[in-house]
Amino acid sequence: MSPSRGIDTILDSLTPLVFRASTRILELISRHSLSIDSAFHEAMGEFRLKPGEQGAVYTLAKRTLENIGPAIYALEKYGKSGLPLRRKAAFYIAFYLAQHSPDIQKKLRAVRGGLLSDSLLGILSPRNIEQIFMEIEEQPVSFRLAYLESIPPLIVKTLLTRTELKEVKEILKSFRRRHVWVRVSDPGRVEYVREFLEQRGLRARVDVDFPYLLEVGAPSEGPLPELPLGVAVYQDKASVAAVEALLSLSPQGLVVDLAAAPCMKSSLICNRAREVELVAVDVSEKRLSFCKKIMSRAHCSSHLICADGRVFSSTRPFDAAIVDAPCTNSGAISRDPGLRLSLWGLRREDLEYLKQTQTSLLRNALRASGRRAPVLYSTCSVLPEEGEDVLGELQADFVSLRPTLPPRLERELVRPCEGCYRLYPHLHKTDGFFFAVISRAF
């Protein structure tokens, strides 16, 4: 759907209820750091909307998030950043509408309810919006890219310190393209899942590197359909590639996932190496309950343990370990535009805290593993602080292993350091992702 056709469809469906529901989605993302799909489903439980209205709500929320930067700048410029979250969310929605439909003022007055004050509405004149974009264009490159591409400023600033400007621009633009992958639990049911998706209007083709994986030509707008339980799950190809790198080293015996939730990697290992003894560890009881459902649907036998992976140990050494560490999730912006808003206030100290957690998890995995036991470290992040720099902190404690991956994929992977790999949306049609397979040095 083109932007012009999209805005016409939204305007035709714009009612007070559609405006409020779209606002609620952004509020939930701001307040609870939910994904756009989770926020949408929660909001739909609060509002009684027709299917056409639901589509307009999702599209309006998604388009607003993908263009959130100038609206945030406008609140900063006019000293309105301290507004309550719901009113800020309403302003973001209204700004997107005003940006793409200069004659929207009358319509906004009719649908705003009590969410949009006259002073906020006054900011949305065509002249003010034009001035806002002119001012952003005059800012230094880091600021300009962050606000025009609607990518959290710290992410842009950090990328520019390590990556050429041209490459950064390509990465940021690639976050506007949605890439969807479906992993089929039983390779014998790939065709069934492909037909299931095509019946719902989604084209799917078998991946050339991993034949149990489907690349889905999903529409740019709208939530994805639920998949057949126990048959298929949404899992990005980058995540699958990391697990396959570990499996290529034929781990046997005790395999421990130290930050397991939501257990996508654990369930894949279970599907692909059923002879291992799998232990999934996570610090959150709530997240483990979700893991239990995932593992049960995948018919996986595993031990689920609520514990802190930074200190967890076993009576015997791990024969292999996974550290899919908590991270900014900055690599997933293309499939979840809600991250553009929930990560906007990301601070350097937040990044440092995450790095300390990641380093502690990996250090414990190495300490608790047997010698030569493979350890997979991964993050869904485009930031070196969450990938290469974590390995740099522990470089005296490990040796890099050489996993085997499909030749075509291995040629295309980016290798920013010895034994480590990166994938990017603009190069691989995946999340931005980092992984390495290592083992303890002594």
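The values are calculated or read from the model by the stated rules, or taken from the named source; none is laboratory data. Predicted, not measured: the structure shown is a model, and the values here were computed from it. Neighbour counts are summed over all protein chains in view; Cβ atoms, including those assigned to glycine, are modelled from backbone coordinates with ideal geometry.
Among the residues of the range 401-416, is there at least one that is closer than 17 Å to T158 by Cβ and touching a residue at least 24 places away in the same chain (Cβ under 8 Å)?
There is at least one residue in the range 401-416 that is closer than 17 Å to T158 by Cβ and touching a residue at least 24 places away in the same chain (Cβ under 8 Å).
Find the residue count for the range 321-335, including only residues that are among the small types (G, A, S) and outside any helix (DSSP H, G or I).
Qualifying residue count for the region: 3.
For L249, which of the numbered conditions (1) in a helix (DSSP H, G or I); (2) touching a Pro at 6+ places or on another chain (Cβ under 6 Å) fails to hold?
With (1) in a helix (DSSP H, G or I); (2) touching a Pro at 6+ places or on another chain (Cβ under 6 Å) applied to L249, the lone miss is (1).
Kindly indicate whether K265 is touching a residue at least 24 places away in the same chain (Cβ under 8 Å) and either surrounded by fewer than 24 Cβ atoms within 10 Å (Cβ to Cβ) or within 20 Å of the chain's Cα centre (by Cα) (or both).
yes
Just give me the residues in the range 195-233 being of a type in the set (D, E, K, R), surrounded by 14 or more Cβ atoms within 10 Å (Cβ to Cβ) and in a loop (DSSP other than H, G, I, E, B), in sequence order.
D207, D209, E221 - these are the residues of the range 195-233 that are of a type in the set (D, E, K, R), surrounded by 14 or more Cβ atoms within 10 Å (Cβ to Cβ) and in a loop (DSSP other than H, G, I, E, B).
Find all pairs meeting these conditions: Cβ atoms under 6 angstrom apart; at least six residues apart or on different chains; first residue within the range 353-366 and under 18 Å from L383 (Cα atoms) and in the same structural domain as G387 (by TED's automatic domain parsing); second residue part of a helix (DSSP H, G or I) and among the β-branched types (V, I, T).
Here the result reads Q358/V390; T359/V390, each pair linking the range 353-366 to a residue that is part of a helix (DSSP H, G or I) and among the β-branched types (V, I, T).
Let's see how each residue does on (1) more than 19 Å from the chain's Cα centre (by Cα); (2) surrounded by fewer than 17 Cβ atoms within 10 Å (Cβ to Cβ); (3) in contact (Cβ under 8 Å) with a residue 60 or more places away in the chain:
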site: R310; (1), (2), (3): yes, no, no
site: D319; (1), (2), (3): yes, no, yes
site: R335; (1), (2), (3): no, no, yes
site: S381; (1), (2), (3): no, no, no
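Tell me yes or no: at least one residue of the range 98-109 is among the hydroxyl-bearing types (S, T, Y), out of contact with any Ser or Thr (no Cβ under 8 Å at 6 or more places or on another chain), more than 15 Å from D8 (Cα to Cα) and not in a helix (DSSP H, G or I).
There is no residue in the range 98-109 that is among the hydroxyl-bearing types (S, T, Y), out of contact with any Ser or Thr (no Cβ under 8 Å at 6 or more places or on another chain), more than 15 Å from D8 (Cα to Cα) and not in a helix (DSSP H, G or I).
Being crowded, with 24+ Cβ neighbours inside 10 Å and of a type in the set (S, T, N, Q) is the filter here; which residues of the range 343-379 pass it?
Result: Q358, S378, T379.
Where the second residue is among the β-branched types (V, I, T) and the first is in the same structural domain as F312 (by TED's automatic domain parsing) and lies in the range 278-300, which pairs have Cβ atoms under 6 Å and are six or more apart or on separate chains?
L278/V255; V279/V256; V281/I305
Can you tell me which condition S314 does not meet? The list is (1) assigned to a helix (DSSP H, G or I); (2) touching a residue at least 60 places away in the same chain (Cβ under 8 Å); (3) surrounded by fewer than 22 Cβ atoms within 10 Å (Cβ to Cβ); (4) of a type outside the set (D, E), and all the others hold.
(1)
Which condition breaks for V256 when tested against (1) assigned to a loop (DSSP other than H, G, I, E, B); (2) of a type outside the set (F, W, Y); (3) in contact with a Gly (Cβ under 9 Å, 6 or more places away or on another chain)?
(1)
As an exercise: evaluate S13 against (1) at pLDDT 95 or above; (2) crowded, with 17+ Cβ neighbours inside 10 Å; (3) not β-branched (V, I, T) and give the number of the one condition it does not meet.
The one condition S13 does not meet is (1).
What about T357, is it under 30 Å from L34 (Cβ atoms) and in a loop (DSSP other than H, G, I, E, B)?
No: the conditions fail for T357.
Could you list, in sequence order, the residues of the range 177-194 that are touching a residue at least 60 places away in the same chain (Cβ under 8 Å) and buried (at least 16 other Cβ atoms within 10 Å of the Cβ)?
R178, H179, V180, W181, R183, S185
Looking only at helices (runs of 4 or more DSSP H) that fall completely inside the range 1-78, which ones have 3 or more residues that are within 28 Å of G345 (Cα to Cα) and either aromatic (F, W, Y) or touching a residue at least 40 places away in the same chain (Cβ under 8 Å) (or both)?
Qualifying helices (runs of 4 or more DSSP H): 16-32, 36-44, 51-66, 68-77.
If you check L346 against the conditions, is it assigned to a helix (DSSP H, G or I), at pLDDT 95 or above and closer than 30 Å to L172 by Cα?
no
Rundown of residues vs (1) under 30 Å from L213 (Cβ atoms); (2) touching a Phe, Trp or Tyr at 6+ places or on another chain (Cβ under 7 Å), yes/no style:
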site: H100; (1), (2): no, no
site: L120; (1), (2): no, yes
site: I151; (1), (2): yes, yes
site: P187; (1), (2): yes, yes
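Taking the range 405-415 only, how many residues are buried (at least 16 other Cβ atoms within 10 Å of the Cβ) and either over 23 Å from V182 (Cα atoms) or within 20 Å of the chain's Cα centre (by Cα) (or both)?
Residues that pass the stated criteria total 1.
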